[in-house]
1. Restricting the first residue to region 166-185 and requiring it to be over 11 Å from E212 (Cβ atoms), which pairs with a second residue that is surrounded by fewer than 16 Cβ atoms within 10 Å (Cβ to Cβ) and basic (K, R) meet a Cβ separation below 6 Å and a spacing of at least six or different chains?
2. Those residues that are more than 12 Å from E50 (Cα to Cα) and either crowded, with 16+ Cβ neighbours inside 10 Å or touching an Asp or Glu at 6+ places or on another chain (Cβ under 9 Å) (or both), I need them from region 148-161; list them, please.
3. With the structure loaded, tell me whether V80 is outside any loop (DSSP other than H, G, I, E, B) and touching a Gly at 6+ places or on another chain (Cβ under 7 Å) or whether it fails that test.
4. Is there a residue in region 75-96 that is open to solvent by 70 Å² or more (accessible area, probe 1.4 Å) and within 30 Å of S135 (Cβ to Cβ)?
5. Would you check if A234 is in contact with a Ser or Thr (Cβ under 6 Å, 6 or more places away or on another chain), modelled with pLDDT of 90 or more and under 25 Å from P105 (Cβ atoms)?
6. Got at least one residue in region 206-224 being under 19 Å from L61 (Cα atoms) and crowded, with 20+ Cβ neighbours inside 10 Å?
7. Might you check whether a residue that is under 26 Å from T27 (Cα atoms), open to solvent by 80 Å² or more (accessible area, probe 1.4 Å) and within 24 Å of the chain's Cα centre (by Cα) occurs anywhere in region 233-242?
Amino acid sequence: MAAPRWKTAISNALEKNSKSVVIQLATIENHSQGIHIPKVRSCIFRSFLEPSSSPAHPLILSSTDIRSPKVQQIFTNPKVELAWWIEGAQEQFRVSGIGCIVPAPPSTSATTSAFASTGTDGTPDQEDHHLDRSSLYASFEQFVQSTRSGTETSTGGLASLVRENFDWEKKRVEVFKTMSAYMKASWCRPVPGSPLQGGEDEAKKWPEKVEEPAEGDGNEENRRNWETALRNFALLLVDPIEVDYVELGVVPNRRTKFWRTEEGKWEEMAVVP
């Protein structure tokens, strides 16, 4: 099967608007007494991830800090939705699907750093101290394997990649290495959203750039920062199930809804904009 028409539309829009890569991702945060609170934030579209055996089921690939609250939200409730407005094309895409976090495997998580596991005063960062990275990776492995039999997921891109024995860690490291040295440094900071101890003066002590260590490089601090950033870096994938595509750059305006059937085929219907 060929790529779905909605994916081709996104690719065509990005060809002329390559900087329009900011998407809004919504998740659900579960609280006690059955209270569910929607949470939304901006993420960066990195690329599509297409199973070689199933190009009709591309995944949307972004990235995140493994310590970010959205990670636990997605592990708890993987149903997500993203909104993507591409200004130059006057087109909007709303994608509902299954979210998946790809963390570092436990072997990669063993290295510690002053910026990752302790505050600048040497005391443990509370949230990072209680982050069970081994359990997170085990949950990831269990989840992706479960997609092969799930009603909504068995015909999607995640399940296809599992059947192909996709190398998740190789892809995670590959994407990490494409990030700028300044972006890599952001994963060396204390836990996102935690209190800023020491104010802006303390923040000035955080690494500004993290370069890939060269063989024989004696810069031990840079090596530790590289390992810290890599272990905190995670892939964020969305396996689309429904797509709402609005075209405002044409008259009359057009709107199309796409949905993936249980057989894995994409159906579409024109609706009122």
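The values are calculated or read from the model by the stated rules, or taken from the named source; none is laboratory data. Keep in mind that what you see is a predicted model, and the values were worked out from it rather than measured. Ideal geometry is used to build each Cβ from the backbone, glycine not excepted, and the neighbour counts take in all protein chains shown. We work out accessible area using only protein heavy atoms, side chains counted, and drop any ligands, DNA or RNA first. Shrake-Rupley method; radii C 1.70, N 1.55, O 1.52, S 1.80 Å.
1. Y182/K209; A185/K209
2. T151, E152, T153, S154, T155
3. yes
4. yes
5. Spelling it out, A234 is indeed in contact with a Ser or Thr (Cβ under 6 Å, 6 or more places away or on another chain), modelled with pLDDT of 90 or more and under 25 Å from P105 (Cβ atoms).
6. no
7. yes
Rundown of residues vs (1) within 25 Å of K265 (Cα to Cα); (2) of a type outside the set (S, T, Y), yes/no style:
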{"position": "A3", "(1), (2)": "yes, yes"}
{"position": "T8", "(1), (2)": "yes, no"}
{"position": "S18", "(1), (2)": "no, no"}
{"position": "Q33", "(1), (2)": "no, yes"}
{"position": "C43", "(1), (2)": "no, yes"}
{"position": "F48", "(1), (2)": "yes, yes"}
{"position": "S52", "(1), (2)": "yes, no"}
